[in-house]
Amino acid sequence: MTSFWALTRAQWFGFWRDKQNWFWLLAFPLMFLVLFGFLFRDAGASKSSLTQIGSVAIIDQLPAEAKAQFDNLFEVTKTDDAAAALEEVRKGDVDGAVEQKGNEVILHYSQADQVKAATVRGTLGAFVDGANVAMSGQPPTFTLKAEAAEDDSLKPIQFIAPGLLGWAVAMGATFNAAMPFVTWRTNKLLRRLRLAPMRTESLVSSRLLVSIAVAMIQMGVFLAVGVGLFDLKLTGSWWMAIPLLLCATIAFMAIGLIAGAISKTAEAASGIANVIILPMAFLSGSFIPLDQAPSWLQTIAKFLPLGQLNEGLLDSLVRGEGPGAALMPMVYLLGFAVVFGLIAARLFRWED
Amino acid sequence: MTNVIETRGLVKRYGDLTAVDHVDITVPQGTFFGLLGPNGAGKTTTLEMIEGIREPDEGDVRLFGEKVWPRNRAVLPRIGVQLQASAFFERLSVEEQLRCFADLYAVDHKQIDRMIEMVGLQEKRKTRTEDLSGGQKQRLSIACSLIHDPEVVFLDEPTAALDPQARRNLWDVLRAINDEGRTVVLTTHYMDEAEILCDQIAIIDRGQILTTDTPRNLITGLGSAYRILVSEGVLSDQEAAALPGVDSASLSDGTLAITTHTPSPVLAALAERDALQGLQVTGATLEDVFLTLTGREYRA
Ligand SMILES: Nc1ncnc2c1ncn2[C@@H]1O[C@H](COP(=O)(O)OP(=O)(O)OP(=O)(O)O)[C@@H](O)[C@H]1O
Ligand SMILES: [Mg+2]
């Protein structure tokens with residue numbers, strides 16, 4: 001056991017003190033998160049923006065239930081400056097401006113964006129009709145309740161963050177396994193360690209512990225930035241991401257060990273790791289969600305470890321699934337780890 | 001006395017090259033054993049097969065009577081190895097490096113300070129290994145191999161990069177280790193070092209052991225002449241040549257050089273003539289033995 005901790009300690013310092021590691025495994029994926037986060041900040045928001053000029057009784061006096069529904073559909077800002085409000089509509093900054101003169105509710109909209117205009121007109125019209133019915137004192141015969149199929153929690157950040165986290169962890173675990181073993185083989189440290197009375201397994205398991213620690217840090221930072229900066233909402237059993245990332249780290253470490261074993265130099269190992277991870281990240285929906293992708297691509301993703309990881313992360317982090325949703329991906333990743341781990345063990349060499 | 005190292009018919013081939021060619025080495029416990037030979041003679045390959053990190057193509061190695069290949073974890077704590085090329089964990093300080101090795105061998109952390117002091121790296125304790133000089137790295141590598149007080153120590157050219165002070169310090173360290181009854185096996189290209197330190201010397205060339213003996217026997221076995229150098233003017237070269245036991249005498253650069261196989265009567269005669277001022281006697285050295293056995297031409 002002392003050798004296990006000795007090796008863990010040595011490798012942790014070796015990792016920690018190399019700034020490059022932190023750039024590639026943390027700062028670099030975070031840059032993508034921040035970039036995508038800002039790019040898609042407003043996309044997909046289902047609310048229409050509406051400027052209310054002065055008081056509009058029909059809106060202000062909505063009963064509580066209707067008011068809640070209204071707020072789900074409109075993002076209302078209030079102003080008294082009619083001219084400025086109209087100018088905003090003209091420039092497309094808001095979808096519409098509404099004012100009330102006597103019993104007349106006037107909606108100003110821009111024809112530049114027909115779709116938005118129609119949406120605002122239709123929706124607001126429905127509320128006016130509703131108000132008319134309510135005024136008549138008769139209960140409405142028909143009611144229509146409109147709700148978007150996705151609720152607010154499926155804003156882009158909700159699938160950007162898990163996908164990028166999956167990619168970052170996959171990359172971290174793969175490189176963290178591939179690089180040190182090649183370096184240690186070329187600089188002969190492995191031969192020196194072979195002469196120390198430790199078990200070979202301590203060498204691999206200590207590396208695994210370092211990789212797991214890195215994965216946990218990646219998860220912590222990703223979720224903190226997502227929640228803090230971009231309103232990421234964690235749902236259901238999000239903590240299942242922890243065991244899931246653990247299994248993923250083992251699986252990708254096996255890939256990294258193989259990449260390291262078949263490479264003569266650190267550069268070659270890094271190249272091989274990149275060639276594996278980068279296409280896999282695209283095919284697994286780390287950068288672009290697969291919901292709209294052709295079905296063959298979705299099928300491929302199911303067989304890729306990163307595809308499984310991403311699916312599991314989405315389920316647990318943002319889709320509000322229970323703890324069971326992460327189990328299948330975990331089983332798959334562990335199975336993958338066993339198969340590729342055995343291959344890695346066969347390919348392991350102390351020296352070239 | 002038990003033999004800690006025994007090899008029989010050890011062979012290692014690299015393609016057409018037979019790097020080690022049927023080597024038999026026997027090292028009794030407590031011996032200071034030197035393996036000498038020109039570059040590429042097969043010293044490192046031989047040592048590595050004995051240490052169990054290189055698989056012999058033929059032959060048998062026994063360390064403490066046990067097999068060493070494949071990796072035998074039972075013998076590893078009992079041996080200390082300094083490889084020809086030093087290798088360390090990246091981005092660790094001298095102290096952290098030694099701490100890691102102390103833990104790998106499960107020895108007390110007190111050993112860390114002892115080792116740092118032993119190889120004189122006190123001032124470099126917090127320095128990363130990447131920032132050490134070549135000789136300092138070499139010293140750290142030796143410290144790492146001695147941290148667990150091994151019964152047998154293998155050192156592959158331990159003094160290659162060391163300055164004269166460090167070299168003599170290391171001699172003291174190795175002598176102390178040997179005095180405790182532990183076995184030391186080293187390779188070196190410094191003949192003076194081998195002559196001073198070793199009890200037993202094996203000379204290897206082209207993968208074959210040419211001879212094994214004590215340094216003294218090797219030198220006397222050479223049967224070569226002594227050279228006595230005297231300042232010019234005390235006596236002429238004819239007078240010198242006429243002295244009892246002198247083989248030849250010649251004058252050059254203001255120095256009279258006398259060769260003899262029996263230095264005692266010649267020295268006595270010179271003393272009578274009061275010619276001992278500035279006198280130098282050089283006998284055959286291990287270097288002569290080495291050159292006689294392995295020849296003078298360059299090796300690949
Ligand atoms: N891995 C290898 N592949 C091919 N040839 C090798 C290998 N290792 C050593 N050799 C060859 O085997 C021979 C013996 O090498 P070895 O390292 O044992 O020499 P050495 O006596 O230690 O030399 P030196 O004094 O230079 O350290 C050399 O000719 C060398 O080129
Ligand atoms: Mg050598």
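List of remarks:
- Strands (runs of 3 or more DSSP E) completely within the range B:1-62 that count 2 or more residues being out of contact with any Cys (no Cβ under 7 Å at 6 or more places or on another chain) and of a type in the set (D, E, K, R): B:3-14, B:17-28
- Highlighted here are the helices (runs of 4 or more DSSP H) found entirely within the range A:262-347 that include at least 1 residues which are under 20 Å from residue A:183 (Cα atoms): A:266-283, A:327-347.
- The range B:54-108, residues that are crowded, with 19+ Cβ neighbours inside 10 Å, more than 25 Å from residue B:162 (Cβ to Cβ) and either of a type in the set (D, E, K, R) or touching a Pro at 6+ places or on another chain (Cβ under 6 Å) (or both): B:54, B:76, B:103
- Out of A:260, A:228, sole residue that is without any contact (Cβ under 8 Å) to a residue 24 or more places away in the chain and small (Gly, Ala, Ser): A:228
- Scoring residue B:244 on the criteria (1) in a loop (DSSP other than H, G, I, E, B); (2) within 12 Å of residue B:283 (Cβ to Cβ) leaves a single failure, condition (2).
- If you go through the range B:247-285 and pick out every residue that is part of a loop (DSSP other than H, G, I, E, B) and without any contact (Cβ under 8 Å) to a residue 60 or more places away in the chain, you end up with 11.
- Against the numbered list (1) within 13 Å of ligand 2 (Cβ to nearest atom); (2) at pLDDT 95 or above; (3) at the interface with another protein chain (Cβ under 10 Å from one of its Cβ atoms), residue B:84 comes up short only at (2).
- Options A:256, A:335, A:322; residue that is of a type outside the set (D, E, K, R) and at pLDDT below 95: A:322
- Hey, residue B:86 within 16 Å of ligand 1 (Cβ to nearest atom) and among the hydroxyl-bearing types (Ser, Thr, Tyr) or not: yes
- Options B:71, B:54; residue that is among the charged types (D, E, K, R), within 12 Å of chain A (Cβ to nearest Cβ), within 10 Å of ligand 1 (Cβ to nearest atom) and free of Cβ contacts under 8 Å to residues at least 60 places away in the same chain: B:54
- Within the range B:146-184, considering residues that are more than 14 Å from every other protein chain (Cβ to nearest Cβ) and within 9 Å of the chain's Cα centre (by Cα), the one nearest to ligand 2 (Cβ to nearest atom): B:157
- The selection criterion, being within 8 Å of chain A (Cβ to nearest Cβ) and charged (D, E, K, R), holds for residue B:103.
- Each residue in the range A:248-273 was checked for being surrounded by fewer than 24 Cβ atoms within 10 Å (Cβ to Cβ) and over 17 Å from residue A:201 (Cα atoms), and 10 of them qualify.
The values are calculated or read from the model by the stated rules, or taken from the named source; none is laboratory data. Values in this document were obtained by computation on a predicted structure and should not be read as measured data. Ideal geometry is used to build each Cβ from the backbone, glycine not excepted, and the neighbour counts take in all protein chains shown.
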